[in-house]
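> Handing you a structure now.
What follows draws every value from the coordinates through simple rules; no lab data is involved. Because the structure is a prediction, the values reported are computed rather than measured. Note: ideal-geometry Cβ built from the backbone for every residue, glycine included; neighbour counts use all protein chains shown.
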Amino acid sequence: MSDQQNNNSTNANQQASAVEITENNLQQQTPAASDDQQQDSVVRFLFEQHGVRGEIVHMHQPITTLLANLSTYPQPIKSLMLELASAAVLIAATLKTDGTVTVQIQGGRGPNALNFAFINIDKNLNFYGNASWDQEKAAKFQGKEDEANKLSFADLVGNGGILVISAFPENGVRYQGIVALDQDNLSRCLEEYFKDSEQLPTTLQLYHDIDQAQSGGLMLQIIPNIEHNIESLAHLSTLSATLTAEELFSLSLHESLRRLYWNDQIVVYQPEPVDFKCVCSKERILNAIRGLPLDELEELAQEENGIDMTCHSCGKVYHVDMDEIKIIYAAARDEMEKNGTPDGSATVANATGAYQDK
Ligand SMILES: [Zn+2]
């Protein structure tokens, strides 16, 4: 299944002058990376005189991993997650924060709305993410996959659904932006957000192919205070719109840029690798157990073979043996006796303080 926004209106024009393409139009900021280094990466580029900058991303391996953990979901949720992943990479590369960025959909009201879907991405462009959909909603579509596959973007985000973009810099002030999910698709919603909230007119195209585990995107954004930047964005985005999913997924990123903007002076930066990397750990799993109510802990402490806990974002299974649970249970019980908290909330507070999630 392939999703693309294609506009062929400039193709004739492009072909007519194709002979004028020269190597000089594509200035390398640094020596060119070989083409096989360009998959699973994002490339920034700049039209200096036009006052427009951009980013292009193509991912396969990270998407394979992401999809492996979405296997129980219908196609539209997978589609949304693949687009969210590319959007997160483009946003993170734009914000250039030294910390992490989270893009999270909070589903609104609606019979098929998601609870949430998120991608968390760090400064090295390693990301992980997941979606949450009610089991009741999923059960409705049991044996009716065709119906589930017809769910639209609007169905999934529901009425009043929002996208929250949060940046958590290692140094500096936390940033949060809220995007109303009231357009037909994710890219339109983000364009509206950048225009209205950030005063940075932006065009964004997102592409994905579930069967081939491919996702990618192309973003153009004005650089403020440069003459004619809005007109330049309009001109360049017409060219961008001719990019097809097939081209993006088969060509190197530099080659895609060369074909799109052959007639414009462009500075292209070195590809930056993107990867799927979960932040789960045994300690985080133990923390989750520490947060359980005392009666549940007591029950678990009687499991002779211990328990297996699966990370929802990457699917990794962690084994916790009986002795480990017994220690947690004993600590929680002592804490309760000391503080007299009947529901284990003292335990949760304690665990949160001792093992702050980063
Ligand atoms: Zn994980």
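> Mind giving me the nanometre distance, one decimal, between the label points for Lys277 and Ser250, set 7 Å out from Cα along Cα→Cβ?
Result: 3.3 nm between the two label points.
> Can you tell me how much longer the chain between Gln49 and Leu95 gets when fully stretched, taken as 0.36 nm per residue apart minus their C-alpha distance, in nm with one decimal?
Details: separation 46, 0.36 × 46 = 16.56 nm, distance 2.19 nm.
Contour length minus the Cα-Cα distance gives 14.4 nm.
> How much length would be gained if the chain were fully extended between Asp334 and Gln270, taking 0.36 nm per residue of separation minus their Cα-Cα distance, in nm to one decimal?
So the chain would gain 17.4 nm between Asp334 and Gln270.
> What does the charge count near Ala93 come to, summing +1 for each Lys or Arg and -1 for each Asp or Glu among other residues with Cβ under 9 Å from its Cβ? Please report the intermediate quantities before stating the final value.
Values: positive: Arg44, Lys96; negative: Glu55, Glu272.
Cβ neighbours under 9 Å give a net charge of 0.
> Around Tyr318, under 13 Å between beta carbons, what's the net of Lys plus Arg minus Asp minus Glu among the other residues?
-1
> Taking the alpha-carbon centroid of each part, what is the distance from the range 259-332 to the range 78-149 in angstrom?
Here the answer is 17 Å between Cα centres.
> Once every Cα of the range 25-276 carries one equal point scatterer and solvent is ignored, give the base-10 log of I(q)/I(0) from the Debye formula at q = 0.07, 0.11, 0.14 Å⁻¹, two decimals.
One equal scatterer on each Cα of the range 25-276 leads to -0.23, -0.57, -0.93.
> Computed FRET efficiency, Cβ-Cβ of Asn171 and Gln302, R0 51 Å: what is it to the nearest 0.05? Provide the component values of the computation, followed by the final result.
Working: r = 47 Å, r/R0 = 0.91.
Given R0 = 51 Å and the Cβ-Cβ separation, E is 0.65.
> Please identify every one of the GluC sites (Glu not before Pro) in the range 221-298 that sits in a loop by DSSP and has no more than 11 other beta carbons within 10 Å of its own beta carbon. Present the calculation step by step, with values, prior to reporting the outcome.
Values: sites: Glu227, Glu231, Glu246, Glu247, Glu255, Glu283, Glu296, Glu298; in loops: Glu227.
The qualifying sites are Glu227.
> Give me the one-decimal nm value for the distance between modelled label points at Asp182 and Ala139, 7 Å along each residue's Cα-to-Cβ direction.
3.5 nm
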